[in-house]
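Written out below as structure tokens is the structure these notes cover.
The values are calculated or read from the model by the stated rules, or taken from the named source; none is laboratory data. Since this is a predicted model, take the numbers as computed values, not measurements. FYI the Cβ positions are ideal-geometry reconstructions off the backbone, even for glycines, and counts take in every protein chain you see.
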Amino acid sequence: MTPPDLIYKIATEAAYAPARHATSFAGMPIDAADGYLHFSTAAQLAETLRLHFAGQSGSVILGVRAADLGEKLVWEASRGGALFPHLYGGPLPASAIAREASVDVAADGSCILPEAVR
């Protein structure tokens, strides 16, 4: 499998705001509980938003350069056997974040993805 150039981390504004001017982002509470940071590919992003961020406005989508994460990035089977990127062994380095966009997710889980991830 050839990994995509960018993978995506979704966070609430409240969780990401303190890290915006820091050197790294530790992730969301689910990341701490699971022991790794969850990411999605562009193709997986809408379903991840629907399942885990329905009804939330102002969520942040971080476009992350997969190559910058090195061997700590592991692709593992998850929803329906699809391979999802997971970052083990530490926080997300701010230097790997290529872009940031906000997204609102309706109560039914529908949303319009930012132009950069469509």
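Tabulated values for the structure
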read-out: Residues located in region 1-24, provided they are surrounded by fewer than 14 Cβ atoms within 10 Å (Cβ to Cβ), among the charged types (D, E, K, R) and closer than 15 Å to Phe53 by Cα; value: Glu13
read-out: Test result for Arg65, of a type outside the set (Val, Ile, Thr), touching a Cys at 6+ places or on another chain (Cβ under 8 Å) and modelled with pLDDT of 95 or more; value: no
read-out: Which listed residue is under 15 Å from the mean Cα position of the chain (by Cα) and acidic (Asp, Glu), from Glu115, Glu71, Glu47; value: Glu47
read-out: Hits in region 21-51 (condition: free of Cβ contacts under 8 Å to residues at least 60 places away in the same chain, assigned to a loop (DSSP other than H, G, I, E, B) and on the phi < 0 side of the Ramachandran plot); value: His21, Met28, Tyr36, Phe39, Thr41
read-out: Members of region 4-38 found to be more than 14 Å from Arg65 (Cα to Cα) and of a type in the set (Val, Ile, Thr), listed by number; value: Ile10, Thr12, Thr23, Ile30
read-out: Residue in region 72-109 that is farthest from Thr48 (Cα to Cα), counting only those that are part of a helix (DSSP H, G or I) and modelled with pLDDT of 95 or more; value: Ser95
